[in-house]
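Input: a single structure, listed below in structure tokens.
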Amino acid sequence: MKTLVHIIIVVILTVVSQIGGLIWILNFGYFKISKRPISRWKKIFSFSILYLISTLLIVPSIAKLNGRVPLPITKSSNLIPHNYITPLLNRHYVKPKLRNQLYEIANETNSENNNLKLSYLDANFPFIDGFPLLPHLSHKDGRKVDLSFYYTKNNEDGNLKPSNTGYGNFVEPLNSEYSQTKECKSKGYWHYDYTKFLTLGSREDLEFDRKNTKKLVNKIVSDPLTQKILIEPHLKTRMKLSNNKIRFQGCHAVRHDDHIHHQINK
Ligand SMILES: [Zn+2]
């Protein structure tokens, strides 16, 4: 029974943070081999310290050898995490050329409107090409990152957050607009809007900032490094976007009217 609990914890930690499962094994393995009489809570505390040291100090250097670099984890530059859970779980690694591109876009955006920074969501794990960052199957090679839309409240802009995770609070189609969600769900893709359960708290008082989100999308797609971005068709129409790098992801994925999926060329 005890072994089964450890296995479940290792699987969960590996799925959410990639390195957490390995650190759990090393930590509890050490106490098992050394046979030191130590309480379970002290072992968990020791795991937490080891995990934090690895995440903040060791993983960034080793990931570099794998051709991946972390996105900034503080809010001091113009490129910021939507929430601190993302970097804490090592979900903020990308190829250096993608990080450079994001910095450029973030700095340009901020120089045009200093209320705005570029806010990122899930990117990739630090190691192993092909290791998916669930639930995003394609975030597995350092070339993908999800970015937040912009929102306003009482016509004031800024990096306002409609949901705590950055996912699941949708910019719904208007009655006059085509609803891809209806179409996908009617075809049996029941999972198409399941990210509505992943908000970890949301607010309804914000308005989608069409003007600044459109500017952001145009900056991204005008860069030759960009391969494609994914957003819902009704938002592409509403923002009057026409670049052919802006695509629909298909009903097998989840709806993209809560964030931009961005990916660069190989
Ligand atoms: Zn994505």
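Taken over region 127-176, the residue count meeting the criterion of being of a type in the set (G, A, S) and within 20 Å of K75 (Cα to Cα) is 4. Among the criteria (1) touching a Leu at 6+ places or on another chain (Cβ under 9 Å); (2) closer than 29 Å to L13 by Cα; (3) not in a helix (DSSP H, G or I), the one L102 does not fulfil is (3).
Note on region 13-57: residues that are touching a helix residue (DSSP H, G or I) at 6+ places or on another chain (Cβ under 8 Å) and farther than 22 Å from I73 by Cβ amount to 9. Summed over region 126-151, the residues that are touching a helix residue (DSSP H, G or I) at 6+ places or on another chain (Cβ under 8 Å) and at pLDDT 90 or above give a count of 8. Number of residues in region 100-113 that are away from the ligand (no atom under 16 Å from the Cβ), closer than 30 Å to Q18 by Cα and surrounded by 15 or more Cβ atoms within 10 Å (Cβ to Cβ): the value is 4. Of the residues making up region 214-231, those that are more than 16 Å from the ligand (Cβ to nearest atom) and not small (G, A, S) are K214, K215, N218, K219, D223, P224, L225. Can S242 be described as free of Cβ contacts under 8 Å to residues at least 12 places away in the same chain and either over 20 Å from the mean Cα position of the chain (by Cα) or outside the structural domain of P135 (by TED's automatic domain parsing) (or both)? Spelling it out, S242 is indeed free of Cβ contacts under 8 Å to residues at least 12 places away in the same chain and either over 20 Å from the mean Cα position of the chain (by Cα) or outside the structural domain of P135 (by TED's automatic domain parsing) (or both). Here G250 passes the criteria (1) within 16 Å of the ligand (Cβ to nearest atom); (2) surrounded by 15 or more Cβ atoms within 10 Å (Cβ to Cβ) except the one numbered (2). Listed by position, the helices (runs of 4 or more DSSP H) inside region 180-266 whose residues that are closer than 17 Å to H82 by Cβ and at pLDDT 95 or above number at least 3 are 210-222. Just to check your reading of the model, which residue among H259, H234 is more than 16 Å from the ligand (Cβ to nearest atom), surrounded by 19 or more Cβ atoms within 10 Å (Cβ to Cβ) and either in the same structural domain as T109 (by TED's automatic domain parsing) or farther than 25 Å from L102 by Cβ (or both)? After applying the criteria, what remains is H234. Each residue in region 86-99 was checked for being surrounded by fewer than 21 Cβ atoms within 10 Å (Cβ to Cβ) and aliphatic (A, V, I, L, M), and 2 pass. From P60, P70, grab the single residue that is touching a His at 6+ places or on another chain (Cβ under 9 Å) and either within 19 Å of I220 (Cα to Cα) or in contact (Cβ under 8 Å) with a residue 12 or more places away in the chain (or both). Matching residue, one of P60, P70: P70. If you scan region 138-159, which residues turn out to be surrounded by fewer than 19 Cβ atoms within 10 Å (Cβ to Cβ) and either closer than 22 Å to K214 by Cα or without any contact (Cβ under 8 Å) to a residue 12 or more places away in the chain (or both)? Once the filter is applied, which keeps residues that are surrounded by fewer than 19 Cβ atoms within 10 Å (Cβ to Cβ) and either closer than 22 Å to K214 by Cα or without any contact (Cβ under 8 Å) to a residue 12 or more places away in the chain (or both), region 138-159 yields T152, K153, N154, N155, E156, D157, G158, N159. Condition test on Y167, is it modelled with pLDDT of 90 or more, aromatic (F, W, Y), within 13 Å of the ligand (Cβ to nearest atom) and closer than 18 Å to R255 by Cβ? The answer is yes for Y167.
The values are calculated or read from the model by the stated rules, or taken from the named source; none is laboratory data. Remember, it's a predicted structure, so these values are computed and weren't measured experimentally. All Cβ positions, even for glycine, are placed from backbone atoms using ideal geometry, and neighbour counts span all protein chains on display.
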